[in-house]
Every structure is written in C-alpha cells, then in structure tokens.
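Visitor: The structure under discussion is supplied below as structure tokens; questions concerning it will follow.
The values are calculated or read from the model by the stated rules, or taken from the named source; none is laboratory data. Computed from a predicted model, the values in this text were never measured in an experiment. For neighbour counting, all protein chains shown are included, and Cβ atoms are generated from backbone atoms with ideal geometry for every residue, glycine included.
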Amino acid sequence: MKLETASPPVFGKENDMSKEKVALRAEGLSFKYPGSSDLVLKEIDFEIEGPGVYLLLGRTGSGKSTLIHLLTGIIPWLGAGDLTGSLRVLGSDPASTPLPHMPAKPGVLLQSPEVQFFHRTVTEELGSCMDRKNSYAEAFGLPVLIDRKVNQLSVGERKKVALSRLLLGDYPLLIMDEPFTNLDRDARAVLIEWMKSVSREKVLFISTHVIPEKLLTSVRAFLILEGGKLEFFENDDGIVRDRLKDYIVPGRFVPLGKPGRNGKPEVIELEGIAFEYGGREVLNDLSLRLTRGSIVGIHGSNGSGKTTLLRIVARLLKPGKGVIRGSPRPGLLFQDPERQLLFASVEREIAFSARDKRQIGEILERVGLADKLKVHVSELSYGEKERLALAAILAADPDILLLDEPSQGLDLVELRRLAGILREERERGKSMIIVSHDLEFLETLSDAVYELRGGKLHEK
C-alpha cells in the first residue's frame, strides 16, 4: 500500500546548511518486521538541517532503536522488514547506499558498541583517529585504555572506546543510540560537556530513555515516539518541565523505601578475594558477606571489576586467592542481554529456564511481556530483551540474584516495575547483589551500597 506523505517539520532552518545538505529527512516512513502485522513506525515525518542536539525519546519498545537501525542502514543491510516512505541521511538513502560508501558519512554509536569492533586492540580499532588530539578523549580515560585488548575491556570501557572514535572523528552528523548507559558518573559528565561543545557546529541525533539535566540547554528539539507515531517540538522550558518530566534526571522514580538489615543466616561469604586479567590486578583482598533476603548494591568506575566480582560469585571465574563460603544457586543477569538469550522465540526462552511451566504466563506478566509470548526475540527492543533475560532468571527460581546493570536503558515505568519485582523477590527470601552506575536506584533498594575501588569494596 502506498502511504500518503505530509510536509515534514524542519528543525534548524535558519542555519546556512542548504537543502542539499539536510542532515536527516524522513517522509511517510513506516516499518514493520517480517511476519508481523503491526507497524513499529507509522508514517513518520521530520527534517533536521541545522546543528544542535536532537533527542529521540520514547518508552522501552517504542521503536527508537528501529529508527536508528534504519538511519544507519543496519536495516535492510543486516536485517529485514517492510519499509515504505523515504529516508535521507546527509543526502543519501541508507537503504540503497551502505554507510561506508556514502559521500558524507555520519558517526554512529550503537546501543551495543562491541558489534562495531573489528580489531584486536584499542589502538587498531581507533586507527588514524589516534593522530588527533582531543582533550575530551583524554578526560574520558582513552590514554589508559590505548594498549589494552578489546576482549579484556569491561562493557563500560568498550563504550568509552566506541565514543572516543566519535570524539576523535570529524563527522558533521552523529547518530547515537543510548550513549549514556554503561558509563560511570565521571564519564557521563565528560560526554555531556563534549556534546555541549560540539552542538554549535554538528548535528547530534541521540536516542535516549532519560535526559541529563545539564544537557537541556543545548537541546534544540525533542522527538517522542509513541504507538509508532512521532511527536516533535522545539525546546521550550515550560514544555520540557511538563511534557518531559518523566525523562529528566534526577528524580526519575518515587523512592520505594529501603529494607532494613534482617540479621538472617549467611547465603555466601567472600574473604580475601584476588583476581587478575593478563597480569592486571582487578580485585585485591576483597571481602563481602551476604545474608538471606538482603540486597547489596555495588557501583564503581568503568573497569573497576564489578562484573568480574559477579562472575566470581556465580562460580564462572575462579579467584587467584581467597575463600568463598556457601554454594547458593545463582541467577546471573548479564550486562548485555543479547549474550544471554539462547532461543529464537520468547516462549522457548522462558520454557527452557522454568522450573514450573505453569508459571510462564505469570512471570511474563510480571516483567510486562505477557503479550510477547509468541514473538520472535529479534523483534524485541533492547529493553524488552533485558526484561526477557530477567524473566528467564526468575523462572529458574535461583537462591541468589546477581544483576549486572539491570536498570540500564529502562524508562521510568519499567524502572518502577523492576524495583517492585526486586522488592517482591526480597520478600520471598531472595538475596541479591546489584551492580549499577545508577546510585539513586541502588540507594532506594539496597541494605548497603559499596563502591568498588582499588580492588576493594568501600561502604558508602
């Protein structure tokens, strides 16, 4: 069916960028995945000409990443679907011209940055960009990472390398999918300052589930996806405070009350734990005690060893030194859900893990995926895949939950849902270790919050 197209709204038209050099243009853009009758995007129209920050917002599963994949050519070059309407990126059609062959190329950051890596070391990955000096890249910690192997980096450190490519590159347009997730507080601050500094000369098209308050003054327009439709408006303080209150940090969710210390028996105890990667010390004389029904929150800078600690507790890694007492059945939520999901369909994923098949529907209802039972996993958004991975863990009914960045990429509604699920699991006697850069989230839920620094845990 041929779709009618409307005249798209134009942002930044007062700038001297000509019509032939429009950064982004969508006209009557609609899309659905193979085998689905539901449109993810419905006749979307917009046009962006001038420099500035343009934020793409929406609930988890609203289609933000789908639009990013269309803009960057991932669909249709690496994924299929039914597309109607037209799309232009710096004058080129990404559906017919792959990104590397475009006359003018955008800089791209995907939600899972490791899929953009093709080399063994950080130096090889950055290539000729290394010849350029950039104070923001240095503040980002790039010099510390430069001699490391990519497969030895934490998820947050990989994000820093992918972002450094953009910081060091010379792109008129930057397309970024959830750039703030997985970064520690200092790295987020550096990234925001860099965005503000380049927004006067570059177009930054950013998909995000939250708006850092310090970036608000540099935002030119907001684009909100709801039900496949796109709502757009220019930045106005009154509109922002009213329409976007659920997206602005801080103050994303109502505190749910911290549980008290329960004085119950130990579930697991770590004493004097040490661990190294390739001669680099990660953990040193670390100790931790977890009791039944307690929640411990852990934060720390990228690469500080948080994920390593969770893997040691889950018995996936063996420490070089130290003692582990207790053998609870662990349920480990990976930082990247796509590395954890094993099957093509949501139903098979849950059925494989479930100890009681009769509870599959109830568990999917708890995580907000009750209507996705028969859906192919590839059709889920990143946030929905996170919830599916959590559902699979809950279905296995482990003794202890080990959650690596469980709140990343979640909108306000899903963040509140997650907090409620974790409190329910605690009331059932489950113990948890939650790793997150989201201090507000940790402080709301945890009995104790620790910073992992210098290989040891320091109580906040």
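Visitor: Checking ALA344 against (1) of a type in the set (A, V, I, L, M); (2) modelled with pLDDT of 90 or more; (3) closer than 29 Å to THR66 by Cα; (4) surrounded by 18 or more Cβ atoms within 10 Å (Cβ to Cβ), which single condition isn't satisfied?
Guide: That leaves (4) as the condition not met.
Visitor: Also, I was wondering about something else. Between a residue in the stretch 352-371 that is closer than 15 Å to LYS385 by Cβ and any residue that is surrounded by fewer than 12 Cβ atoms within 10 Å (Cβ to Cβ) and modelled with pLDDT under 95, which pairs come within a Cβ distance under 9 Å, given they are 6 or more apart or on different chains?
Guide: LEU364/ASP371
Visitor: Go through the stretch 129-178 and give me each residue that's β-branched (Val, Ile, Thr) and crowded, with 20+ Cβ neighbours inside 10 Å.
Guide: Within the stretch 129-178, VAL155, VAL161, ILE175 qualify.
Visitor: Search the stretch 265-284 for residues being touching a Ser or Thr at 6+ places or on another chain (Cβ under 9 Å) and in contact (Cβ under 8 Å) with a residue 60 or more places away in the chain, and hand back the single one that is surrounded by the fewest Cβ atoms within 10 Å (Cβ to Cβ).
Guide: The selected residue is GLU266.
Visitor: State whether one or more residues within the stretch 205-215 are at pLDDT 85 or above, of a type in the set (A, V, I, L, M) and assigned to a helix (DSSP H, G or I).
Guide: yes
Visitor: In the stretch 45-60, is there at least one residue being outside the structural domain of LYS385 (by TED's automatic domain parsing) and either loosely packed, with under 15 Cβ neighbours inside 10 Å or of a type in the set (S, T, N, Q) (or both)?
Guide: Yes - at least one qualifying residue is present in the stretch 45-60.
Visitor: Determine whether the stretch 118-132 contains at least one residue that is out of contact with any Lys or Arg (no Cβ under 8 Å at 6 or more places or on another chain) and touching a residue at least 40 places away in the same chain (Cβ under 8 Å).
Guide: no
Visitor: Please determine, by comparing only the residues of the stretch 105-128 that are within 27 Å of TYR382 (Cα to Cα) and among the β-branched types (Val, Ile, Thr), which one is surrounded by the most Cβ atoms within 10 Å (Cβ to Cβ).
Guide: The residue in question is VAL122.
Visitor: Let me ask you something else. So how many residues does the stretch 8-40 have that are of a type in the set (Asp, Glu) and at pLDDT 90 or above?
Guide: Here the count works out to 1.
Visitor: If you don't mind, there's one more thing I want to ask. Using the structure shown, decide if ARG339 is modelled with pLDDT under 90, of a type in the set (Lys, Arg) and either crowded, with 21+ Cβ neighbours inside 10 Å or in contact with an Asp or Glu (Cβ under 9 Å, 6 or more places away or on another chain) (or both).
Guide: Criteria not met by ARG339.
Visitor: Pick out the one residue from ILE312, ILE324 that is at pLDDT 95 or above and either out of contact with any strand residue (DSSP E or B) (no Cβ under 7 Å at 6 or more places or on another chain) or more than 14 Å from LEU401 (Cα to Cα) (or both).
Guide: ILE324
Visitor: Scanning the stretch 283-320 for residues that are closer than 20 Å to GLU425 by Cβ and assigned to a loop (DSSP other than H, G, I, E, B), which turns out farthest from the chain's Cα centre (by Cα)?
Guide: Looking at the filtered set, the residue picked out is ARG292.
Visitor: Identify all residues within the stretch 234-250 that are under 30 Å from GLU157 (Cβ atoms) and either exposed (fewer than 12 other Cβ atoms within 10 Å of the Cβ) or at pLDDT 60 or above (or both); write none if there are none.
Guide: Scanning the stretch 234-250 gives TYR247, ILE248, PRO250.
Visitor: Still on this model: Here is a list of conditions, (1) at pLDDT below 90; (2) in contact with a helix residue (DSSP H, G or I) (Cβ under 8 Å, 6 or more places away or on another chain), and ASP131 meets all of them except one; can you say which number that is?
Guide: Of the numbered conditions (1) at pLDDT below 90; (2) in contact with a helix residue (DSSP H, G or I) (Cβ under 8 Å, 6 or more places away or on another chain), the odd one out for ASP131 is (2).
Visitor: For VAL108, indicate whether it is out of contact with any strand residue (DSSP E or B) (no Cβ under 8 Å at 6 or more places or on another chain) and of a type in the set (Val, Ile, Thr).
Guide: Taking the combined requirement at face value, the residue does not satisfy it.
Visitor: Hey, GLY228 hits all of (1) over 26 Å from GLU43 (Cβ atoms); (2) surrounded by fewer than 23 Cβ atoms within 10 Å (Cβ to Cβ); (3) out of contact with any Pro (no Cβ under 9 Å at 6 or more places or on another chain) but one; which does it fall short on?
Guide: Going through the list (1) over 26 Å from GLU43 (Cβ atoms); (2) surrounded by fewer than 23 Cβ atoms within 10 Å (Cβ to Cβ); (3) out of contact with any Pro (no Cβ under 9 Å at 6 or more places or on another chain), GLY228 breaks only (1).
Visitor: Kindly indicate whether ARG417 is under 24 Å from ASP336 (Cβ atoms) and either touching a helix residue (DSSP H, G or I) at 6+ places or on another chain (Cβ under 8 Å) or not β-branched (Val, Ile, Thr) (or both).
Guide: Yes.
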